Every structure is written in C-alpha cells, then in structure tokens.
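The values are calculated or read from the model by the stated rules, or taken from the named source; none is laboratory data. None of the values given here were measured: they were computed from a predicted structure. Cβ atoms come from the backbone with ideal geometry, glycine included; neighbour counts cover every protein chain shown. These accessible areas exclude ligands, DNA and RNA; they are computed on the full protein's heavy atoms, side chains included. Shrake-Rupley method; radii C 1.70, N 1.55, O 1.52, S 1.80 Å.
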Amino acid sequence: MGRLQDKVAIITGGNSGVGAATALLFAKEGAKVVISARRQPQLEEVAEKVRAAGGEVLPVVCDISKPEDADHLIAKTVETYGKVDVLINSAGVLEEGLKPIDRVVDADLDRIIDINTKGTMYCMRAASNKMAEAGGGSIVNVASVAGVMGCGGAAYVASKAAVIGITRHTALRFAGTGVRCNAVCPGTIVTPMVAGMNPANMDADMFGQMAKHGDLKVQPCMPEDVANILLFLATDESRAITGQAIVTDFGSTL
C-alpha cells in the first residue's frame with residue numbers, strides 16, 4: 001500500500017481490461033488516477049468502482065488518435081492536479097482476423113496505426129514535455145509480444161513494434177533527466193477485446209504459423225498480471241530501469 005502515494009497517473013484505455021485493472025490498483029496504492037477512453041458509460045463505470053474502493057479518479061473522454069484530444073487529456077490532468085507523474089498508454093485495438101502482410105487491409109492499417117502507434121505517441125509527446133519541466137516521470141507503454149516476435153496480424157504487429165521503438169527512442173531522449181520510458185509486452189490477455197474476436201474470421205495460415213512459435217498450452221495473462229508489472233515500472237522502485245521492453249507471457253514464446 002502507498003507505493004504511488006501522492007502521484008498523479010494517467011491511464012489511457014481505462015474503461016476495461018488492463019486499463020481498468022491498472023486504475024483500480026494504482027488508486028489502491030495511493031495515486032490520483034486519470035482514466036481516459038472514447039466510451040463514456042464504460043469509463044464512468046470504472047470511475048465508480050475506483051471511488052467505491054476509496055480512490056480518487058478523474059474520467060476524461062478522449063480519442064487518443066486525435067492529437068487535440070491527447071493534448072486536452074494532459075492539460076486537463078495538469079489543470080486538475082498540477083502535474084503528471086505517470087503515463088500508462090494502455091489504449092489499443094486489434095484487427096479483425098490476424099491478417100498477414102500479403103492480405104493486410106488498408107482500412108485496418110490506418111485505424112490500428114492511428115490508435116496504437118500515433119495515439120500513443122501523441123500522449124507521450126504531451127506528457128513528456130510536462131514531465132521534463134517537472135524533472136521526472138515514468139511513461140509505460142503497453143505494447144505486445146507481437147511487436148517482439150511478429151506473432152499476430154501484420155497491422156497489429158507493425159503498430160506494436162513501433163511502440164517498442166518509440167519507447168527506446170524516448171528513453172534515450174530523456175536519459176539522465178529523471179523521465180523514464182519502458183514498455184510491457186504481454187502475450188495473450190484475457191480481456192473483453194480479445195474475447196470479442198470471431199474465430200470464424202481468423203486467418204488459418206497466420207494462426208498456424210503463430211502456433212509453431214508459441215506454446216498454446218501455457219496460461220494467458222490476466223489484466224491484473226499486467227497491472228502489477230505496470231505498477232512496478234510506475235514506482236520509484238524501478239527508477240534505474242528505462243528503455244526496456246519486458247515480455248510478460250508466462251514463457252509461452254520462449
């Protein structure tokens with residue numbers, strides 16, 4: 001308890017899955033949490049859970065694929081709490097059906113890159129400026145093992161590989177300033193987004209190739225498993241760690 005006492009943490013994608021679990025955990029550890037998502041009803045549901053548990057929360061409706069929304073999210077946080085100590089970039093989307101590079105659809109590519117890559121970068125740009133002014137902060141991006149191993153649809157893999165690259169770039173940019181940036185790369189996570197995938201639309205060739213490079217018998221991550229790692233990277237306990245992409249998949253891709 002109290003590992004994030006008096007810290008202000010922004011969590012994108014805070015309406016479900018990893019983002020919601022992280023908001024609840026961070027609030028329990030003493031942080032003032034700012035949660036963002038596009039869908040207000042689900043966002044308010046998570047906010048009520050945080051309040052019911054005794055936490056402090058500010059829900060902000062935000063489409064991170066729009067730079068003005070990302071700027072507003074950071075500005076609203078600073079206006080309300082005076083600072084940004086932690087940014088967790090958890091918002092993200094999957095493509096439909098694991099389409100490989102030879103079958104990738106332009107519309108999927110645009111949508112996924114806009115949210116997963118550009119949206120993450122918009123939030124990082126706005127938050128890192130505030131953190132640099134204050135002399136410190138921790139940015140943690142939720143990437144994916146897909147960005148490390150290539151195991152996923154082409155658009156999703158590209159989006160998450162880019163997140164890993166910009167994580168290392170940002171760590172290098174701010175090394176020695178007190179501003180850190182790391183990425184967590186989960187394997188399969190049991191979330192509503194994954195549960196909503198239609199097996200009938202899966203690309204059989206891509207799924208078969210993925211099965212060769214991973215142990216499908218290994219358990220998947222739960223949102224709370226990822227949230228616990230995000231907590232460590234958000235706290236000062238990990239102050240020596242920056243520029244790292246940590247795979248969290250119970251060893252399924254070893």
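In straight-distance terms, cross-link reach from K32 covers every one of the aspartates and glutamates whose alpha-carbon lies under 15 Å from its own, apart from those fewer than eight places away in the same chain; here that gives D6, E48, E56, E79, D85.
Relative to the longest principal axis of the Cα atoms of the chain, helix 120-134 runs at roughly 30 degrees.
A simple packing score, the average count of other Cβ atoms within 10 Å per residue, orders the peptides 165-176, 223-234 as 223-234, 165-176, with the highest score first.
DSSP bridge analysis restricted to segment 6-155 gives an antiparallel fraction near 0%, rounded to the nearest 5. Any idea what angle helix 17-28 forms with the longest principal axis of the chain, computed on alpha-carbon atoms, 0 to 90 degrees, nearest 10? It works out to around 20 degrees. Taking R38, R111 and ordering them by how much accessible surface each has at a 1.4 Å probe, largest first, produces R38, R111.
Partner aspartates and glutamates whose Cα lies under 17 Å from the Cα of K99, excluding those fewer than 8 positions away in the same chain, are identified as D108, D110, D203, D205. Here the extension length gained between I246 and K49 equals 68.0 nm, from 0.36 nm per residue of separation less the Cα-Cα distance.
With each label modelled as a point 7 angstrom along the Cα→C-beta vector, the V105-D6 pair spans 5.1 nm.
Both radii were evaluated on the Cα set of the chain; the Rg over Rh quotient, with Rh as the Kirkwood radius, amounts to 0.96.
Counting only C-alpha contacts under 8 Å and six or more residues apart, can you give the relative contact order of the chain as a whole percent? Could the numbers behind the result be given before it?
Values: 538 pairs, mean separation 51.2, N = 254.
RCO, the chain: 20 percent.
Result for the chain in a Gaussian network model with C-alpha springs under 10 Å: among V145, V105, V61, the largest mean-square fluctuation is at V105. Accessible area per residue for the chain, computed on protein heavy atoms with a 1.4 Å probe, is 45 Å².
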